[in-house]
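Asker: Could you have a look at this structure, given as structure tokens, before my questions?
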Amino acid sequence: MEARLKISKFRFWKMATFLVITLIPMFIFYTVNYRDDWMFGLMDTLFHERESIQLETLDYHSLDIESIHLEELLSHSSNVKATNTLLLINKKHKIDNELVLNLINFRDTSLLVDEDIIEDLENLLHDVKQNANEKVYIASTYRTAEEQKRIYDENPRIATPVNTSEHQSGLALDLYVSKKAQREFIDTDAGKWIHHNSWKHGFIIRYPFLKKHITGIGYEPWHIRYVGKPHAEIIYKKGWTLEEYIYSLEEDVFYTVNGYVISRQCPRNGKLDIPKGLDDIQLSPDNTGFYIITGKMK
């Protein structure tokens with residue numbers, strides 16, 4: 001019995017070694033010759049150093065905190081701006097049919113986006129043209145549930161089921177340049193600039209290379225998502241996905257980074273704790289049962 005077990009283990013490791021020796025060269029050959037997007041992602045992962053960023057915790061005295069009813073915070077009567085910018089949308093965390101969207105036409109087109117992203121989107125498109133000398137176009141923005149269902153039914157390989165797509169939020173954009181779309185977008189100077197700099201305007205590459213096991217979706221260098229500042233900078237410099245970032249924020253902890261205060265909270269008795277003395281306070285649900293508070297220190 002023991003001898004058979006040793007033979008089985010030997011055969012297993014022999015087969016595993018054979019597969020590794022065989023498959024790795026095949027993967028490298030395929031990547032080098034046919035997948036420039038994978039090649040970029042691999043080189044970026046291995047060799048591109050990102051600046052470090054550290055979230056520090058803050059200890060507020062109870063006198064420096066206001067407990068405010070969620071209904072008041074979400075109303076126009078408070079000095080807190082309610083947004084959807086940190087909604088986590090995937091197959092596990094679906095869009096609620098009661099989600100209130102604040103959509104607006106981008107420029108004079110029929111493309112609809114969340115009103116909160118307009119200024120940063122304009123700045124992003126201006127800066128990429130200045131730095132990469134290529135004009136970036138928008139292929140897709142907001143989709144209705146009916147549109148998402150139709151696209152998914154036609155080809156489930158290129159779309160996700162209804163209510164699991166970020167395109168239904170108005171916060172996601174698919175970009176391209178002339179004759180270079182989808183995975184070829186990263187072949188362009190504009191695509192590379194977007195990859196490394198979109199965080200400066202509050203956007204992230206929503207589905208990074210080698211993160212499918214977390215996001216459920218493979219590498220999409222053309223798909224950007226607005227999360228706002230300073231969240232985009234944290235996600236980019238940490239090399240995280242939106243999933244990783246949201247779950248890194250401990251409940252009821254106040255963090256500070258680059259002059260911002262961030263806190264992820266679940267309402268207690270219908271209230272959230274808001275530090276006094278903050279400017280430009282924003283409140284977004286994260287679609288996991290929590291709300292994320294963001295404000296600037298005075």
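The values are calculated or read from the model by the stated rules, or taken from the named source; none is laboratory data. Not measured: the values here are computed from a predicted model. Cβ atoms come from the backbone with ideal geometry, glycine included; neighbour counts cover every protein chain shown. Heads up: the accessible areas ignore ligands, DNA and RNA and are worked out on the full protein's heavy atoms, side chains in. Shrake-Rupley method; radii C 1.70, N 1.55, O 1.52, S 1.80 Å.
Asker: Condition first: charged (D, E, K, R) and either modelled with pLDDT of 95 or more or at negative phi (or both). Now tell me which residues in the stretch 165-190 satisfy that. Lay out the reasoning, then the answer.
Answerer: In the first step, residues of the stretch 165-190 are kept if they are charged (D, E, K, R); the result is 166, 174, 179-180, 183-184, 187, 189.
If the condition is that a residue be charged (D, E, K, R) and either modelled with pLDDT of 95 or more or at negative phi (or both), then GLU166, ASP174, LYS180, ARG183, GLU184, ASP187, ASP189 are the ones that fit.
Asker: If you go through the stretch 125-141, how many residues are surrounded by 16 or more Cβ atoms within 10 Å (Cβ to Cβ), of a type outside the set (Ser, Thr, Tyr) and assigned to a strand (DSSP E or B)?
Answerer: 1
Asker: If you check ASP153 against the conditions, is it of a type in the set (Asp, Glu) and without any contact (Cβ under 8 Å) to a residue 24 or more places away in the chain?
Answerer: Values: of a type in the set (Asp, Glu): yes; without any contact (Cβ under 8 Å) to a residue 24 or more places away in the chain: yes.
For ASP153, the condition - of a type in the set (Asp, Glu) and without any contact (Cβ under 8 Å) to a residue 24 or more places away in the chain - is met.
Asker: A follow-up question, please. If you take the residues of the stretch 180-218 that are in a loop (DSSP other than H, G, I, E, B) and closer than 15 Å to VAL128 by Cα, which of them is farthest from the chain's Cα centre (by Cα)?
Answerer: Step one: of the stretch 180-218, the residues in a loop (DSSP other than H, G, I, E, B) are 188, 202, 208-211, 216-218.
Restricting the remaining residues to those that are closer than 15 Å to VAL128 by Cα gives 188, 202.
Numbers: THR188: 21, GLY202: 10 Å.
So, considering only residues that are in a loop (DSSP other than H, G, I, E, B) and closer than 15 Å to VAL128 by Cα, the one farthest from the chain's Cα centre (by Cα) is THR188.
Asker: If you take the residues of the stretch 34-59 that are under 21 Å from the mean Cα position of the chain (by Cα) and part of a loop (DSSP other than H, G, I, E, B), which of them is surrounded by the most Cβ atoms within 10 Å (Cβ to Cβ)?
Answerer: Only one residue tops the list, namely LEU55.
Asker: Being surrounded by fewer than 15 Cβ atoms within 10 Å (Cβ to Cβ) and in contact (Cβ under 8 Å) with a residue 12 or more places away in the chain is true for just one of THR160, THR144, THR188. Which residue is that? Break it down into steps so the answer makes sense when it comes.
Answerer: Details: THR160 fails: surrounded by fewer than 15 Cβ atoms within 10 Å (Cβ to Cβ); THR188 fails: surrounded by fewer than 15 Cβ atoms within 10 Å (Cβ to Cβ).
Exactly one of THR160, THR144, THR188 is surrounded by fewer than 15 Cβ atoms within 10 Å (Cβ to Cβ) and in contact (Cβ under 8 Å) with a residue 12 or more places away in the chain, namely THR144.
Asker: Just the residues that are small (Gly, Ala, Ser) and over 21 Å from the mean Cα position of the chain (by Cα), please, taken from the stretch 150-179.
Answerer: Of all residues in the stretch 150-179, those small (Gly, Ala, Ser) come to 159, 165, 169-170, 172, 178.
SER178, the sole residue that qualifies.
Asker: Part of a helix (DSSP H, G or I), out of contact with any Gly (no Cβ under 8 Å at 6 or more places or on another chain) and at pLDDT 95 or above - does that describe any residue in the stretch 219-232? Full working, then the answer.
Answerer: From the stretch 219-232, those part of a helix (DSSP H, G or I) are 231-232; that's our starting set.
Applying the additional criterion that residues be out of contact with any Gly (no Cβ under 8 Å at 6 or more places or on another chain) yields none.
Within the stretch 219-232, not a single residue is part of a helix (DSSP H, G or I), out of contact with any Gly (no Cβ under 8 Å at 6 or more places or on another chain) and at pLDDT 95 or above.
Asker: Answer with yes or no whether ILE89 is touching an Asp or Glu at 6+ places or on another chain (Cβ under 9 Å), closer than 21 Å to ILE292 by Cα, modelled with pLDDT of 95 or more and open to solvent by less than 20 Å² (accessible area, probe 1.4 Å). Show your work before the answer.
Answerer: Details: touching an Asp or Glu at 6+ places or on another chain (Cβ under 9 Å): yes; closer than 21 Å to ILE292 by Cα: yes; modelled with pLDDT of 95 or more: yes; open to solvent by less than 20 Å² (accessible area, probe 1.4 Å): yes.
When the stated conditions are applied, ILE89 passes them.
Asker: Within the stretch 274-298, track down each residue that is part of a strand (DSSP E or B), open to solvent by 50 Å² or more (accessible area, probe 1.4 Å) and touching a residue at least 24 places away in the same chain (Cβ under 8 Å). Even if it seems obvious, please write down each step before you answer.
Answerer: Filtering the stretch 274-298 down to residues part of a strand (DSSP E or B) leaves 274-275, 278-285, 291-297.
Those still in the list that are open to solvent by 50 Å² or more (accessible area, probe 1.4 Å) too: 279-280, 282, 296-297.
The answer is ASP280, GLN282, LYS296, MET297.
Asker: Considering only residues that are assigned to a strand (DSSP E or B), hydrophobic (A, V, I, L, M, F, W, C) and either in contact with a helix residue (DSSP H, G or I) (Cβ under 9 Å, 6 or more places away or on another chain) or within 23 Å of ARG206 (Cα to Cα) (or both), which ones fall in the stretch 234-260? Talk me through it step by step, then tell me what you get.
Answerer: Going through the stretch 234-260, the residues assigned to a strand (DSSP E or B) turn out to be 251, 254-257, 260.
This time we only want the ones that are hydrophobic (A, V, I, L, M, F, W, C), so: 254, 257.
Result: VAL257, single match.
Asker: Restricting to the stretch 92-109, name every residue that is modelled with pLDDT of 95 or more and of a type in the set (D, E, K, R).
Answerer: Those that are modelled with pLDDT of 95 or more and of a type in the set (D, E, K, R): LYS92, LYS94.
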